[in-house]
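For reference, the structure discussed in these notes is given below.
The values are calculated or read from the model by the stated rules, or taken from the named source; none is laboratory data. A quick note: this is a predicted structure, and the numbers were derived from the prediction, not measured. Cβ placement follows ideal geometry from the backbone for every residue including glycine, while neighbour counts extend to all protein chains displayed. Surface accessibility is based on the protein's heavy atoms, side chains included, excluding ligands, DNA and RNA. Shrake-Rupley method; radii C 1.70, N 1.55, O 1.52, S 1.80 Å.
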Amino acid sequence: MDISGIREVIKKIALLNAVSYCGKAQSKPVLGRLFSERPELRAIAREVVALVDEIVQEVNSMSLEEQRDFLKILWPEALARDKEKERIEEKSLPPLPNVEKYKRVVTRFAPNPDCVLHLGSARAIILCYEYAKMYNGRFILRFEDTDPRLKRSSIQFMDLIREDLEWLGCPPDEEYIQSDRVEIYYKYAEKLLEEGYAYVCTCKPGVFHKRVIVGEPCPCRDLPSEEHLHRWEAMLGGVYAEGEAVVRIKTDLKHPNPAIREWPALRIIDVRKHPHPRVGSKYRVWPLYNFACGIDDHLMGVTHIIRGKEHLTNQERQKYLYRYFGWEYPEAIHYGRLKIIGASLSKSKIVRGVREGLYAGWDDPRLATFLALRRRGIRPEAIRRLIIDIGPRPADITLSWENLYAYNRKIIDPIANRYFFVWRPMKLIVKGVRKDFAVSIPLHPNNPEKGMRTLYVKSEGGVGNLLITSQDAEKLSPGDIVRLMELFNVKIESVEKHQVISSFHSESYNEAKRLNASLIHWLPEDGGVPCSVVMPDNSIVSGLAEVSIKSVSADEIIQFERFGFARVDSVGEKIVAFFAHR
Ligand SMILES: [Zn+2]
């Protein structure tokens, strides 16, 4: 039995049940509806009941507003009542805490430039940017490039990240690069060593961990600070090799979370083997994430840190620094996990795939990078609206691509011009065509001011020669009446391997409606422009598009009728487009 997606189905039913009953869902009606939608689940009723109870509990722990938001994001079609829809349209972000404590709000987005950005970063960027804007504050971009060995950054990625932020409509007010700030981190490290809040540990990692796991200090910890300053000089001077010495921050040795105890702040990297892409082998001692980040947030005046809840442990680590320096820790907002079904968000996999040629580039349509989304015609406003609707809430959320497409459709549907595209074309012969036809169709059904496109069908000795897609042709049988959109109705006579033969039936649309004829699109046989559409799985669908498509320009988003939305990538002898969604 296919029970994939069952959790999502239950969640949807539970949310719908909850919003109809003042925010409290009940297991029984949820179960009833589930079994009527998916009767096959009765066979595993016991497991299903437990799962329903669990999800109902999860849904009931949300506020009514939050339940409505989730429905709006995940299943907009479920909110059938228009009033309900209207009420929750165009949401704005909830206020930030303790804004009045600060002169002005400062937020930051701090990527490691070891890959291009992808959808997984959208929440951090958009929330930080929007909150800074909302309070007339400042939004900082900080490149965290202090690991030349494992998370190797590159100057190319910095440029691409800057471009991504511009495209998303989130340009930073200030920019910093941590590899420019190494001396600053040294200064603060020395201060901590002097005051006995940090020490240089030269234990073998195994020895250190054995001690710390039982809450015991390693032999280095309690040596006088003079010794540690001496070891620090030796670290900087090249006496120790990579892995032989590390600066650790003193914490509570009995901290309930062993991962927080005595966390490492700076370490040695063999920069002859792993030169830094910006500063080469200038520094051999490099700060680790928590040290550089903690110090920078303070020095840059960050007032509100907005990040995923996977950083909660890092916050605990960094709070030791703030205590030792007598600084006040900024407000921290930790949002829940956001999963996107079917999107690979592993930076290392993306980098490896591109380097090994598995992907065509950073904008390969199979990737969830902003570059790929942009190439496919996903608008930054769609991402922005989706993220604002999700907001900084702590609850985890799982999205499908379709959720993002629904936001994008709302934006592009009113502007995308319509064209006929006959993919995998097949000839359609229409007998009994007594005159030439010229049909004018609006470029956009709801915006007549966008103009018209015209298609011509010639009568050649009483015959019209057209093209239709093989996909439609395969479904036809002799005797069927079919309406060729905006043209006329034909009666199918025979369906052969390479062509379909039909005869003229009638002209009026009402007649087609009365006969319940299916509507298919078409092109005149001699009037098409070669066109290839690159699909999200990187496959290519080829065919012919109507001649008027020659007037589109690259980057324009169009809709191929009965096929879907696409972004025109290049215009020439041939049109190349990237598929967005249906
Ligand atoms: Zn030690």
inquiry  = Assuming 0.36 nm per residue, please report the length gained on full extension of the stretch residue 345 to residue 45 beyond their Cα-Cα distance.
reply    = 104.5 nm
inquiry  = I'm a student and want to see the number: the projected area of the Cα convex hull of the stretch 200-332, averaged over all directions, in nm².
reply    = 9.3
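Multiplying the sequence separation of residue 312 and residue 328 by 0.36 nm and subtracting their Cα-Cα distance, what value in nm do you get?
Length gained between residue 312 and residue 328: 4.1 nm.
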query = Of the beta bridges DSSP finds with both residues in the chain, what % are antiparallel, to the nearest 5?
reply = 65
message = Can you say what percent of the DSSP beta bridges in the stretch 414-531, counting only those with both residues inside, are antiparallel? Round to 5.
response = 75
request  = Calculate the dipole size of the chain relative to its Cα centre from +1 charges on Lys and Arg beta carbons and -1 charges on Asp and Glu beta carbons; express the result in debye to the nearest 20.
outcome  = 660
task = Quantify, in whole percent, the carbon and sulfur part of the accessible surface of the stretch 192-334 (1.4 Å probe; protein heavy atoms only).
result = 52
ask   = Using the C-alpha gyration tensor of the stretch 148-239, what are the square roots of 5 times its eigenvalues, in whole angstrom, with the largest one first?
value = 37, 17, 13
remark   = The ³J(HN,Hα) series, computed from each phi in the stretch 422-433 with the Karplus coefficients 6.51, -1.76 and 1.60 at θ = phi - 60°, rounded to the nearest Hz and given as x for glycine or proline, is 9, 8, 6, x, 9, 6, 10, 9, 10, 8, x, 8
request  = Might you report the magnitude of the Cβ-based charge dipole of the stretch 364-454 about its Cα centre, with Lys and Arg at +1 and Asp and Glu at -1, to the nearest 20 debye?
outcome  = 500
query = Got the relative contact order for the stretch 242-322 handy, in percent, Cα pairs under 8 Å and 6 or more residues apart?
reply = 27
remark   = Over the Cα atoms of the stretch 480-574 the radius of gyration and the largest Cα-Cα distance (Dmax), both in Å, equal 15.9, 42
inquiry  = I need the phi-derived Karplus couplings for the stretch 502-515: 6.51 cos²θ - 1.76 cosθ + 1.60, θ = phi - 60°, integer Hz, Gly and Pro marked x.
reply    = 9, 10, 4, 10, 6, 9, 7, 5, 4, 5, 4, 5, 4, 8
remark   = Using alpha carbon centers only, the stretch 347-381 is separated from the stretch 102-145 by a whole-angstrom value of 21
ask   = For residue 93 and residue 272 in the same chain, what is the full-extension length gain: residue separation times 0.36 nm, less their Cα-Cα distance, in nm?
value = 59.7 nm
query = So what's the projected area for the chain, the Cα convex hull averaged over all directions, in nm²?
reply = 34.2
note = Cα-based Rg and Dmax for the stretch 225-299, in Å, come out at 13.9, 40
remark   = The distance between the Cα centres of the stretch 388-454 and the stretch 265-285, in whole Å, is 53
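To the nearest µm²/s, what D does Stokes-Einstein give for the stretch 326-457 at 25 °C and 0.890 mPa s, using the Kirkwood radius over alpha carbon pairs as Rh?
Answer, rounded: 126 µm²/s.
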inquiry  = Please list, by residue number, every one of the trypsin sites (Lys or Arg not before Pro) in the stretch 476-578 that is coil in DSSP and has at most 15 other beta-carbon atoms within 10 Å.
reply    = 497, 574
note = For residue 143, the residues 5 or more places away or on another chain with a placed amide H closer than 5 Å to its own amide H are 176, 177, 178
remark   = Dipole check, the chain, charges on Cβ (K,R +1; D,E -1), about Cα centroid: among 563, 329, 22 the Cα furthest to the positive pole belongs to 22
ask   = Given H placed on each backbone N at 1.01 Å, which residues far from residue 499 in sequence or on other chains put an amide H within less than 5 Å of it?
value = none
ask   = If R0 is 30 Å, what FRET efficiency do you get for residue 511 and residue 458 from their C-beta distance, rounded to 0.05?
value = 0.85
Sulfur and carbon atoms: percent of accessible area, the stretch 475-582 [1.4 Å] = 49
task = Using the Cα centre as the reference, give the magnitude of the dipole from point charges on the C-beta atoms of the stretch 308-422 (Lys, Arg: +1; Asp, Glu: -1; all else neutral), rounded to the nearest 20 debye.
result = 240
task = May I have the convex hull volume per residue, in Å³, for the Cα set of the stretch 416-492?
result = 99
ask   = By average Cβ neighbour count within 10 Å, what is the ranking of 59-68, 522-531 from highest down?
value = 522-531, 59-68
request  = Can you tell me the order of 201-214, 99-112 when each peptide is scored by its average per-residue count of other Cβ atoms within 10 angstrom, highest first?
outcome  = 99-112, 201-214
remark   = Relative contact order in percent for the stretch 352-448 (Cα pairs under 8 Å, 6+ apart) equals 18
Nearest-0.05 FRET efficiency for residue 381 and residue 494, computed from C-beta distance (R0 51 Å) = 0.55
message = Per residue, how much accessible surface does the chain expose to a 1.4 Å probe? Answer in Å², no decimals.
response = 46
ask   = Lys/Arg Cβ at +1, Asp/Glu Cβ at -1, dipole of the chain taken about the Cα centre: which of 391, 447, 481 is farthest positive-ward?
value = 481
Helical contribution to [θ] at 222 nm, DSSP H n ≥ 4, -39,500 (n - 2.57), averaged over the chain, rounded to 500 = -10000 deg cm²/dmol
task = Find how many whole Å separate the alpha carbon centroid of the stretch 21-43 from the alpha carbon centroid of the stretch 181-219.
result = 56
query = Non-local amide H neighbours of residue 421 (under 5 Å, H modeled in plane, Pro and chain starts lacking H): which ones?
reply = 561
task = Can you tell me the relative contact order of the chain? Whole percent, Cα pairs under 8 Å, sequence separation 6 or more.
result = 10
